[in-house]
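Read-outs throughout are calculated quantities, based only on the coordinates presented, and are distinct from any laboratory measurement. This structure is a prediction, so every number in the text was calculated from the model and none was measured. No Cβ is skipped: glycine too gets one built from the backbone with ideal geometry, and neighbour counts run over all protein chains shown.
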Amino acid sequence: MEMKRILAVSVILLFIGVTIAPTINFQVVKASTDDDLAEVTTQACGIKGYKDTTVKLTKEQYQNLEQYLVEFRARLNQTSTREEAIPIFKEAVVELDKYGLLPRGMSVERAQKLVNKEYKIFQDKNLLNKLCNKDKRMSTGNSNVLCYLTGQTGNTGVIPFRLRLIMLPFAWFFSLLLEYFSGHPIIYKMCEILENFILAIFAFSPIGFNEWITFGYLSSWPYGDFYPANGWIYTSGRYGVESWNQSFYGNLGFPVLCFGAIDFTGLSLYLPKYERFYLGTALYVEINNY
């Protein structure tokens, strides 16, 4: 027991510097509200050369934007294929442009191409198709592959490549410690270790070079309170339409990192009340209800 306590204290000290990074991601959000104005910041993900855009909307403008997002979600809920989602995504870009909510210097046409990225290089590989069709874990309703992704959620972070370089090595090591002291059967431990190892490979490979999205977070490491993401998520990909509502969390690296979407390309909007609206595509999404 004494050895375990010493190890726990050592791990806490080791992770003090690392824990600051994900926390900042949720707290320093360029979105605020007052009685008259709502500030919204748009970020381009998966592309370089475009700076963030911050716009102050009037109360009426923001209410109209909120109403549009409600209608946008309702239309998506009527779709059953990726092809049906394409024109809805393109129309959303046009709507955002009306409010000046595209990244600085980005045209409507360029933004539409960004949020409708196609993974042709992966779709043409027979091996990937076979793996996707046979992988039971991916077909249980908690994930999607090569998909369109959109949603409006709280407690959500967009993690760029450079930040992952700092976070993942420490988080992976900490996950291994959790598994070692968890008391789970050895087979379960091996599966978890393998998953984290694969996650690390993706993080440093060209496949996972673009932004990753986290859903939910720990208030402090290693034993803080867990706060799930809340809101709604819609995906349409190789496994059809998969969606999540209310409370959920990213299942990749849970509970340390809570990545839910790998290789996100598109637009990310910082909304008032610490919410994010994102519109684009992702290589892989895995979410669990909380």
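Provide the gained length on full extension for the span Arg73 to Phe161, in nm with one decimal, where the gain is 0.36 nm per separating residue minus the Cα-Cα distance.
The span from Arg73 to Phe161 would gain 28.8 nm if fully extended.
For segment 285-290, take each phi angle, set θ = phi - 60°, evaluate the Karplus expression 6.51 cos²θ - 1.76 cosθ + 1.60, and give the result in whole Hz per residue in order, putting x for glycine and proline.
Residue by residue, segment 285-290 yields 10, 9, 10, 10, 5, 9 Hz.
Which of the three applies to segment 27-116, rounded, prolate or oblate, going by the alpha-carbon gyration tensor with a ≥ b ≥ c and a/c under 1.5 meaning rounded?
The shape class here is oblate.
Could you let me know the centre-to-centre spacing of segment 65-99 and segment 220-290, using Cα atoms, in angstrom?
Centre-to-centre (Cα) distance: 19 Å.
Any chance you could run the full-extension gain for Glu60 through Glu91? It's 0.36 nm times the residue separation minus the Cα-Cα distance, nm to one decimal.
So the extension gain works out to 9.1 nm.
Roughly speaking, what is the stretch gain from Leu37 to Lys113, that is 0.36 nm per residue apart minus the C-alpha to C-alpha distance, in nm to one decimal?
Value of the extension gain: 24.3 nm.
How far apart, in nm, are two points set 7 Å out from the Cα along the Cα-to-Cβ line at Phe226 and at Tyr274?
Reported label-point gap for Phe226 and Tyr274 is 1.8 nm.
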